[in-house]
1. Name the single residue that is least open to solvent (accessible area, probe 1.4 Å) among those in segment 104-154 being more than 11 Å from the ligand (Cβ to nearest atom) and among the acidic types (Asp, Glu).
2. Being hydroxyl-bearing (Ser, Thr, Tyr) and free of Cβ contacts under 8 Å to residues at least 60 places away in the same chain: is that true of THR218 here?
3. So which helices (runs of 4 or more DSSP H) are wholly in segment 48-158 and hold at least 1 residues that are hydroxyl-bearing (Ser, Thr, Tyr) and without any contact (Cβ under 8 Å) to a residue 24 or more places away in the chain?
4. Can you tell me how many residues in segment 159-179 are away from the ligand (no atom under 16 Å from the Cβ) and assigned to a loop (DSSP other than H, G, I, E, B)?
5. Look at VAL38 and say whether it is away from the ligand (no atom under 16 Å from the Cβ), under 25 Å from VAL305 (Cβ atoms), at pLDDT 95 or above and not in a helix (DSSP H, G or I).
6. Of the residues that sit in segment 52-81 and are within 19 Å of THR92 (Cβ to Cβ) and crowded, with 23+ Cβ neighbours inside 10 Å, which one is nearest to the ligand (Cβ to nearest atom)?
7. Mind checking whether some residue in segment 172-192 is more than 18 Å from ARG295 (Cβ to Cβ) and without any contact (Cβ under 8 Å) to a residue 24 or more places away in the chain?
Amino acid sequence: MLKGKSLVNIDDVASEDFFRIFDLASEYKKRLSVGEYVKELEGKIMSTLFFEPSTRTRLSFESAMHRLGGNVISVSEAKSSSASKGETIADTIRMASSYSDIVVMRHPMEGAARLASEFSSVPVINGGDGSGQHPTQTLLDLFTIWEKFGRIDNLDVSLVGDLKYGRTVHSLVRALSRFDNTVNLISPEILQMPDHVISGMKQARRIKRIENLDDVLTKSDVFYVTRIQKERFVDLNDYAKVIGSYSFDMETVSKMKKNSIIMHPLPRVDEINPEVDMDPRAYYFREASNGVFVRMAIISMILGVR
Ligand code: NCD
């Protein structure tokens, strides 16, 4: 059960809750599609504290809260808050939690959301902590896969790109590996998924490092493509070595199975050529719009109205 709890790591969410979230997200999706106004969170306030850039995560959380009839107060830039005056995360979160019923935080430091949850008097949702985790992205990714295939097991999933610094894939690989899936890890040598991310998982033997995208192109059901996280490189010479490592264009896509899909947490830089957007296998915009419904479900379950 999510009620009253912080959501910092995907491991905080029980597998049964994945399906509760999917059911509720589907319900909200249907209700909104017929123009219904859902008033379940009238009078509740969400704080969104974003100390790193964001388009989809912040806007979809705020949209979700508004769609539920609640209100939002927000910090959308580190420099506009007292963090720029040297205030600690602990003090910032003490205040934000006294002004609201739930807090969503994005921060460049791995572990920031966990720290915040320890000082907060209300549940904290991790909207991304450095190269750590991005659990709500994973829930909307899984929901998108579930909508398409009707299941989140018995799938062959290829994670492609920056598997070292990308937090979305750190959460996703842990969630996928709870079920009977094959997960292929495809990245440049210096951007491999760190061992600590996949250690201690029962299904780790179904996770394989693959050198060439071509080896999985005709067999995977899902291609989860990610951006090289330029902002996290210590040495930009290393970034120069890996830029443009993977690029999906129509030639790549033409080799994929008819029933497969391409996902991407977005923003994309050059990993997916816009010519792919019109192909029915391009699922990334649908994935991003599902963010609102899935986040509505998460918020209302944490706040205990569902
Ligand atoms: C991702 C993030 O911030 O981790 N974006 C998102 O939340 N959809 C991916 C990225 O920045 O590459």
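1. ASP153
2. For THR218, the condition - hydroxyl-bearing (Ser, Thr, Tyr) and free of Cβ contacts under 8 Å to residues at least 60 places away in the same chain - is met.
3. 89-99
4. Within segment 159-179, residues that are away from the ligand (no atom under 16 Å from the Cβ) and assigned to a loop (DSSP other than H, G, I, E, B) number 3.
5. The answer is no for VAL38.
6. THR57
7. yes
The values are calculated or read from the model by the stated rules, or taken from the named source; none is laboratory data. Since we're looking at a predicted model, the values are computed, not measured. FYI the Cβ positions are ideal-geometry reconstructions off the backbone, even for glycines, and counts take in every protein chain you see. Ligands, DNA and RNA are stripped out before the accessible areas are found, and what is left, the full protein with its side chains, is counted by its heavy atoms. Shrake-Rupley method; radii C 1.70, N 1.55, O 1.52, S 1.80 Å.
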